[in-house]
Each structure stands twice: as structure tokens, then as C-alpha cells.
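The values are calculated or read from the model by the stated rules, or taken from the named source; none is laboratory data. Owing to the predicted nature of the structure, the values given are computational and were not obtained by experimental measurement. Note that we place each Cβ from the backbone using ideal geometry, even for glycine, and neighbour counts take in every protein chain shown.
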Amino acid sequence: MKKFLLILLTIIILLAGGICGLYLNLESIVKASVAKYGSQLTGTEVALDGFRLSLRKGEAELKGLRIANPEGYQTPQILSLGSVYVRLDMRSLLKPVIVVEEIRIANPEIAYELKSVAHNNVSDLLAAVNKNAAAAAKPAADQTDATRAGTAKPAVSSGGSAKSATSSGGKKVIINALNITGGKVSLGATFGGKGAAASVPLPAVTLKDIGREKGSQGKGIIETASLILKKILDTAYDTAVRQGLNSLKDIAGESADTLKGTAENLKNSAKGLLGGLL
């Protein structure tokens, strides 16, 4: 009996040590995952400064999430988020649909950079995301069709492409509330060797019941992310970008009306790219 209790105690200690080790290394695990899968999706470097998790409260916080600019642009990042607070319904983690009670994004900064009238970093990044998201979604659709036909094979992790980030899981997401505050859009443009810059505030963004549209019971992670991104970009183009255009009107003799037309064309282009994700 004593030997049995000793063995049981040893197992408990080992398990506790393993759990503690996993918890202590969780930040590095999350950072590595964000860097790996974020880069696979965007085609640029993605980094995270810090991560905090409270299992008891069902809360998580990400600090300093950064997405690097595509090649050929001057600013180091196209998007940086000061902090992202997430509160989960912990009971939903074991269900097909994960319910996120609240997401709060604070102090996002968008660096919008024009190299020419029709060439900008936002469109370049969205094109890459559109391409990589489509590549990731195809294996998942093929796996679903094979499952229905009864010919599915066990999934094999590739570990080297965006496919591994999305095709292996079937989880859906519902977000009850999303709030984005304290944002800023930095505009930069260079035409004919002349350059100018402006900075304008990003209006607050609030979204409710993401994933419940038209009776839907959750949306895929890529689809959810694209909806949020579309809302942020629409707000930036419609309000913040327009406020900053007057500061750029003297670039290479471009008139404010010309730049407004350019911004509208870029907005429609971005919507078209995002439409491929929806």
C-alpha cells in the first residue's frame, strides 16, 4: 500500500511539474505560434512582444502584435496593436463553436503608404493574405468532401505552409463584442521624388454578434479575421484617410481631388481583395 501511494504521489508530482512547466513556457509557445502562422498568412514577418493568460478568469492579453510591411516600403510595420484583451466563455472551448465574450483592441497603428497612384502597401498585403488564405482553405474543403464521401484519410501535418494553420481544425468562432479604440492612421506618399506624411486618428470601431449574422452559428477563424480587417480598413479609408488627404495635396503637384479619387479607387480595390476572403 505504501509503495502504491508513493508511486501515485510521484505521478502527481510529475504531472504537476509538467503542467507548471507548460504554463511557464506558454508565452514562448504563443509567441512562436503567432510568428509562424501569422507569417504564413501574411507573407511578412509577424511578431508578438508578450502574452498573459488567466485560466481562472478565462482572460488573455496580447501585447505588441506587429505585422511587417511588404518588401519595397519604407516603414517597418504596416500594422501594430498596442494590446489585445480577450475574454472567453471557457465552457465553449470543448464545443464546436468557441464563444468569445469580448475583444478589446487598444491603440492600433496603421501605416498606409503610397508608392504611386495605384500602388500601396495595404493592397499588397491583402493580395498576399487573399492568396495564402485561399491556399489554406482548399485542403480543409477537400477534407470535408472526403469525409462526407467516406474516403477521408488521417490528416498529416506539413508544418511548412499556411495549410497547417487552418486545415487541421474545424472550430468556429462567435464574438459577442469587439471594440477598437485609440487607433491612429499614418499616411505616407511619394510621387515623383516628392514625399509627405500625415497622421490622423482612427475612429472607434464597435462590432456585435460576429458569427451570428443571418442565423449563422459561428464562422471560421479566417472568415472572422477578414470581417474584422474589412471593418477596420473601411473605417480608415472612409474617415481617417480622408481627413489626412489635404496634408498630402502638394505631393508632386497632385491635387486634393486627384488624391481623393485615388483613395476611393484604393478602397474599392481593398474591398475586392477582402471579398475573396469572405
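Pairing each residue of the range 81-98 that is over 21 Å from residue 38 (Cα atoms) with any residue that is among the basic types (Lys, Arg), provided the two are 6+ apart or on different chains, yields C-beta distances under 6 Å for 97/172. Within the range 230-247, restricting attention to residues that are within 25 Å of residue 41 (Cβ to Cβ) and surrounded by fewer than 18 Cβ atoms within 10 Å (Cβ to Cβ), the residue that is modelled with the highest pLDDT is 231.
So which residues in the range 189-223 are within 18 Å of residue 81 (Cα to Cα) and either hydrophobic (A, V, I, L, M, F, W, C) or modelled with pLDDT under 80 (or both), if there are any at all?
As a first pass, look at the range 189-223 and keep what is within 18 Å of residue 81 (Cα to Cα): 199-207.
Once the filter is applied, which keeps residues that are within 18 Å of residue 81 (Cα to Cα) and either hydrophobic (A, V, I, L, M, F, W, C) or modelled with pLDDT under 80 (or both), the range 189-223 yields 199, 200, 202, 204, 205, 207.
Right, residue 102: surrounded by fewer than 16 Cβ atoms within 10 Å (Cβ to Cβ), at pLDDT 80 or above and in a strand (DSSP E or B) or not? For residue 102, the condition - surrounded by fewer than 16 Cβ atoms within 10 Å (Cβ to Cβ), at pLDDT 80 or above and in a strand (DSSP E or B) - is met.
Of everything in the range 79-97, what is of a type in the set (A, V, I, L, M) and modelled with pLDDT under 90? Give them in sequence order. Before you say what the answer is, go through the steps one by one.
Pass one, the range 79-97, residues of a type in the set (A, V, I, L, M): 79, 81, 84, 86, 88, 90, 93-94, 97.
Of everything in the range 79-97, those that are of a type in the set (A, V, I, L, M) and modelled with pLDDT under 90 turn out to be 79, 81, 90, 93, 94.
Each residue in the range 29-80 was checked for being surrounded by 17 or more Cβ atoms within 10 Å (Cβ to Cβ), assigned to a strand (DSSP E or B) and free of Cβ contacts under 8 Å to residues at least 24 places away in the same chain, and 3 pass.
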